[in-house]
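Asks: Here it is, the structure, as structure tokens.
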Amino acid sequence: MSNVDLSAKIPNNVDLNADKRLQRALEEWQPKFVDWWRSMGPEGFQTHDVYLRTAVNVGREGWANFGYVKMPDYRWGIFLEEPEQDRKVGFGDHLGKPAWQQVPGEYRNMLRRIIVTQADTEPASVEQQRLLGQTCPSVYDLRNLFQVNVEEGRHLWAMVYLLQTYFGRDGREEAEDLLRRRSGNADNPRILGTFNEPIKDWLSFFMFTTFTDRDGKFQLLALSQSGFDPLARTCRFMLTEEAHHMFVGETGVGRALQRTAETMNKVGTDPAILRAHHVIDLPTIQKYLNHWYTSSLDLFGGERSSNAADFFASGMKGRYNEEKQDDHVALAGEYDLSVRGADGRMHVEKVPLRNAMNEVLRDGYVGDCEFVCQRWNRVLEKAGRAERLELPSRRFRRAQGIYADGCYDPTGNPISSEEFEARKAAWLPSKEDLAYVQSLMHPVTEAGKIASWISPPAKGIDDHPFEWEYVRPPHA
Ligand code: BYC
Ligand code: FE
Ligand code: FE
């Protein structure tokens, strides 16, 4: 059991104290991070007391501590999962060799790119969500937003620890750049598409934490397999925090559905009438789902990818369920990919398995999202409704990969770009839809009260009731 040093400037279980150079580098980066947090983190709540959980250990029984914290004082720590004795590389060309404890020179650039890409998403999401506190539907939700935000901050710390520890001067420069790029900034944007999209309302936030944080889950599962052991151990611990982010998203959408279903039972399904009752009509919820799900599908990269093949061959990034596979080398298999032929129809093309690793990971993700959708539909069913939500085809509205070239309808049928344009208002949030949802976003900051468009949660946080004062204004 590695020691947890909670009294240190930077709480950690990596014995930071023993490496003065590294400790100094991280302590130099810390105030820059806090500056970034103050200017780009949650606007207007930096001096509030927020009831937050803080990671204090990695053990099974209780790794988190709950208490009121002012966010800039949050104890962002560095925690790696316990090492596995004599761990071996679990896949790829180096299968069965001892896992690397240092960066293998030949894979240094590749590994740096993977870590920087992962790292970049974390502060990006905080930037995207920075204004949401001002329109929170309840104090309970406000607290959940901030919980997600501080943990994404900790995920940035986790990656910066790897950069500073294993990548020397390059790593320090990357750590600085991570605080310089800005979500949505035309000159210096974040790396991946979704992380430059604005999140202006809480339905978007709940869709994002359902679908985009779930990309995080699958990417972290794949990186948890890494033969570079420090990365694997870091990502394993990050996954424990990720579960709550997806919970916030799924239950958030579920509670909006609940409210809509109850209102439909009273006044019918006419969107105009539902809107007059200040709830979000079901077609609009479906359109938001279509938007954020498809944007998140893009985060898995191209269906055919030599990068993905290299990541796998090198042992740096595995499959999310590598231990359940029979063949960990994956040189023999093929993946059946649906591609659109010159005749305009879909047909199957065989892709060498290693080159299809992005698609293999996306398959796992799509399956997981289908379960989420089923659980949302149970909310509708329990409320006595016959309507259902649906995931669109993975070909719909793609901006990355082989489906980005043509247009497809939500069932995956190839269509012309004219048809797509003509029908897109029925499939994706229109300006009017966005404006309507925005019009519902009034802050509700009295404990126990809630906005019109969403139901209260089944239970509160850490055994406290929904009515608990999860966020308290600063006392003069
Ligand atoms: N947007 O070979 P390809 C999370 C680029 S989320 C923009 O098809 P590859 C979180 C790609 O970089 C998890 N660019 O893709 C969630 C490449 O660029 P270069 C984040 C894109 O490399 C919520 C080119 O297109 N973690 O943690 O196989 C809140 C051709 O690429 C996009 C990771 O992503 C896109 N969507 O796969 C907070 C894990 N997609 O090289 C946090 C690390 C592709 O030509 N990243 N491109 O300049 C990776 O494993 C890979 O970089 C990717 C891309 C899977 C993202
Ligand atoms: Fe994260
Ligand atoms: Fe997350």
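The values are calculated or read from the model by the stated rules, or taken from the named source; none is laboratory data. All values reported here derive from a predicted model rather than from experimental measurement. For neighbour counting, all protein chains shown are included, and Cβ atoms are generated from backbone atoms with ideal geometry for every residue, glycine included.
Asks: Only residues that are of a type in the set (A, V, I, L, M) and either away from ligand 1 (no atom under 13 Å from the Cβ) or farther than 25 Å from I461 by Cα (or both): list them for the range 103-157, please.
Replies: Restricting attention to the range 103-157, the residues satisfying the condition of being of a type in the set (A, V, I, L, M) are 103, 110-111, 114-116, 119, 124, 126, 131-132, 139, 142, 145, 148, 150, 156.
Hits for the range 103-157 are V103, M110, L111, I114, I115, V116, A119, A124, L131, L132, V139, L142.
Asks: Also: How many residues are in contact with a helix residue (DSSP H, G or I) (Cβ under 8 Å, 6 or more places away or on another chain) and assigned to a loop (DSSP other than H, G, I, E, B) when one looks only at the range 332-359?
Replies: 2
Asks: Quick check on R275: is it away from ligand 1 (no atom under 13 Å from the Cβ), buried (at least 22 other Cβ atoms within 10 Å of the Cβ) and more than 13 Å from the chain's Cα centre (by Cα)? Steps first, please.
Replies: Numbers: away from ligand 1 (no atom under 13 Å from the Cβ): yes; buried (at least 22 other Cβ atoms within 10 Å of the Cβ): no; more than 13 Å from the chain's Cα centre (by Cα): yes.
It is false that R275 is away from ligand 1 (no atom under 13 Å from the Cβ), buried (at least 22 other Cβ atoms within 10 Å of the Cβ) and more than 13 Å from the chain's Cα centre (by Cα).
Asks: Looking at V379 and the list (1) assigned to a helix (DSSP H, G or I); (2) surrounded by fewer than 20 Cβ atoms within 10 Å (Cβ to Cβ), which single condition is not satisfied?
Replies: Here V379 clears every test but (2).
Asks: Any idea which of (1) closer than 17 Å to G252 by Cα; (2) surrounded by 13 or more Cβ atoms within 10 Å (Cβ to Cβ) is the one A458 doesn't satisfy?
Replies: Condition not satisfied by A458: (2).
Asks: Is it the case that some residue within the range 184-192 is assigned to a helix (DSSP H, G or I), β-branched (V, I, T) and either buried (at least 22 other Cβ atoms within 10 Å of the Cβ) or touching a residue at least 24 places away in the same chain (Cβ under 8 Å) (or both)?
Replies: We begin by selecting, within the range 184-192, every residue assigned to a helix (DSSP H, G or I); these are none.
No, the range 184-192 contains no residue that is assigned to a helix (DSSP H, G or I), β-branched (V, I, T) and either buried (at least 22 other Cβ atoms within 10 Å of the Cβ) or touching a residue at least 24 places away in the same chain (Cβ under 8 Å) (or both).
Asks: Of the numbered conditions (1) among the β-branched types (V, I, T); (2) within 16 Å of ligand 3 (Cβ to nearest atom); (3) more than 21 Å from W76 (Cβ to Cβ), I191 satisfies every one except a single condition; which is it?
Replies: Against the list (1) among the β-branched types (V, I, T); (2) within 16 Å of ligand 3 (Cβ to nearest atom); (3) more than 21 Å from W76 (Cβ to Cβ), I191 comes up short only on (2).
Asks: Now for a different question. Among S305, S338, S314, S393, which is in contact with a Ser or Thr (Cβ under 7 Å, 6 or more places away or on another chain), surrounded by 15 or more Cβ atoms within 10 Å (Cβ to Cβ) and among the small types (G, A, S)?
Replies: Working: S305 fails: in contact with a Ser or Thr (Cβ under 7 Å, 6 or more places away or on another chain); S338 fails: in contact with a Ser or Thr (Cβ under 7 Å, 6 or more places away or on another chain); S314 fails: in contact with a Ser or Thr (Cβ under 7 Å, 6 or more places away or on another chain).
Selected residue: S393, the only one of S305, S338, S314, S393 that is in contact with a Ser or Thr (Cβ under 7 Å, 6 or more places away or on another chain), surrounded by 15 or more Cβ atoms within 10 Å (Cβ to Cβ) and among the small types (G, A, S).
Asks: Could you list, in sequence order, all residues of the range 339-351 that are free of Cβ contacts under 8 Å to residues at least 60 places away in the same chain and either among the hydrophobic types (A, V, I, L, M, F, W, C) or in contact with a strand residue (DSSP E or B) (Cβ under 6 Å, 6 or more places away or on another chain) (or both)? Can you show your working first?
Replies: From the range 339-351, those free of Cβ contacts under 8 Å to residues at least 60 places away in the same chain are 341-343, 347-351; that's our starting set.
Answer for the range 339-351, where residues must be free of Cβ contacts under 8 Å to residues at least 60 places away in the same chain and either among the hydrophobic types (A, V, I, L, M, F, W, C) or in contact with a strand residue (DSSP E or B) (Cβ under 6 Å, 6 or more places away or on another chain) (or both): G341, A342, V348, E349, K350, V351.
Asks: Working only within the range 161-175, note down all residues that are more than 14 Å from ligand 1 (Cβ to nearest atom) and either touching a Ser or Thr at 6+ places or on another chain (Cβ under 6 Å) or not small (G, A, S) (or both).
Replies: Pass one, the range 161-175, residues more than 14 Å from ligand 1 (Cβ to nearest atom): 161, 164-173, 175.
Within the range 161-175, Y161, Q164, T165, Y166, F167, R169, D170, R172, E173 qualify.
Asks: So, V126, is that one modelled with pLDDT of 95 or more, in a loop (DSSP other than H, G, I, E, B) and β-branched (V, I, T) or not?
Replies: Numbers: modelled with pLDDT of 95 or more: yes; in a loop (DSSP other than H, G, I, E, B): no; β-branched (V, I, T): yes.
Judged against the criteria, V126 is not a match.
Asks: Might you check whether a residue that is in contact with a strand residue (DSSP E or B) (Cβ under 8 Å, 6 or more places away or on another chain) and either more than 16 Å from ligand 1 (Cβ to nearest atom) or at pLDDT below 95 (or both) occurs anywhere in the range 221-236?
Replies: Our first condition is that a residue be in contact with a strand residue (DSSP E or B) (Cβ under 8 Å, 6 or more places away or on another chain); within the range 221-236, this holds for 227-229.
Applying the additional criterion that residues be either more than 16 Å from ligand 1 (Cβ to nearest atom) or at pLDDT below 95 (or both) yields 229.
Looking through the range 221-236, at least one residue is in contact with a strand residue (DSSP E or B) (Cβ under 8 Å, 6 or more places away or on another chain) and either more than 16 Å from ligand 1 (Cβ to nearest atom) or at pLDDT below 95 (or both).
Asks: Scan the range 242-255 and report the pairs whose first residue is of a type in the set (D, E, K, R) and whose second residue is more than 16 Å from ligand 2 (Cβ to nearest atom), with Cβ atoms within less than 6 Å and a gap of 6+ or a chain change.
Replies: Pairs that qualify, where the first residue is of a type in the set (D, E, K, R) and the partner is more than 16 Å from ligand 2 (Cβ to nearest atom), are E250/V372; R255/I454; R255/S455.
Asks: Can I ask one more? Give Q134, Q118 a once-over and let me know the one that is under 30 Å from Y470 (Cβ atoms), in a helix (DSSP H, G or I) and within 16 Å of ligand 3 (Cβ to nearest atom). I'd like the intermediate steps shown before the answer.
Replies: On the way: Q134 fails: within 16 Å of ligand 3 (Cβ to nearest atom).
The conditions single out Q118.
Asks: Mind listing whichever residues of the range 393-416 are touching a Gly at 6+ places or on another chain (Cβ under 8 Å) and in a loop (DSSP other than H, G, I, E, B)?
Replies: Residues satisfying the conditions are S393, R394, R395, F396, A399, Q400, G401.
Asks: Got a sec? Which of L52, L142 is touching a strand residue (DSSP E or B) at 6+ places or on another chain (Cβ under 8 Å), assigned to a helix (DSSP H, G or I) and surrounded by 15 or more Cβ atoms within 10 Å (Cβ to Cβ)?
Replies: Details: L52 fails: assigned to a helix (DSSP H, G or I).
Only one candidate qualifies: L142.
Asks: Let me ask another. Of the residues that sit in the range 224-240 and are farther than 15 Å from E322 by Cβ and not charged (D, E, K, R), which one is nearest to the chain's Cα centre (by Cα)?
Replies: Once the filter is applied, the top-ranked residue is M238.
Asks: From the list R75, R38, R113, exactly one residue is surrounded by 15 or more Cβ atoms within 10 Å (Cβ to Cβ) and touching a residue at least 12 places away in the same chain (Cβ under 8 Å). Which is it?
Replies: Numbers: R38 fails: surrounded by 15 or more Cβ atoms within 10 Å (Cβ to Cβ); R113 fails: touching a residue at least 12 places away in the same chain (Cβ under 8 Å).
R75 is the lone residue from the list that is surrounded by 15 or more Cβ atoms within 10 Å (Cβ to Cβ) and touching a residue at least 12 places away in the same chain (Cβ under 8 Å).
Asks: Among the helices (runs of 4 or more DSSP H) lying completely within the range 198-298, list those that include at least 2 residues that are within 12 Å of ligand 3 (Cβ to nearest atom) and either within 18 Å of L132 (Cα to Cα) or in contact with a Leu (Cβ under 9 Å, 6 or more places away or on another chain) (or both). Break it down into steps so the answer makes sense when it comes.
Replies: Values: elements: 202-224, 229-267, 271-276, 282-297.
Ranges flagged: 202-224, 229-267.
Asks: Consider D336 carefully, then state whether it is more than 21 Å from L391 (Cβ to Cβ) and free of Cβ contacts under 8 Å to residues at least 24 places away in the same chain.
Replies: On the way: more than 21 Å from L391 (Cβ to Cβ): no; free of Cβ contacts under 8 Å to residues at least 24 places away in the same chain: yes.
No; evaluated as a whole, the condition is false for this residue.
Asks: For the range 100-107, indicate whether the set of residues that are in a helix (DSSP H, G or I) and in contact with a Leu (Cβ under 8 Å, 6 or more places away or on another chain) is non-empty. Before you say what the answer is, go through the steps one by one.
Replies: Step one: list which residues in the range 100-107 are in a helix (DSSP H, G or I), which gives 105-107.
Within this subset, residues satisfying the condition of being in contact with a Leu (Cβ under 8 Å, 6 or more places away or on another chain) are none.
Looking for residues that are in a helix (DSSP H, G or I) and in contact with a Leu (Cβ under 8 Å, 6 or more places away or on another chain), one finds none in the range 100-107, hence no.
Asks: Please work out which one of (1) surrounded by 24 or more Cβ atoms within 10 Å (Cβ to Cβ); (2) farther than 26 Å from K287 by Cβ is the condition L203 fails and give its number.
Replies: (2)
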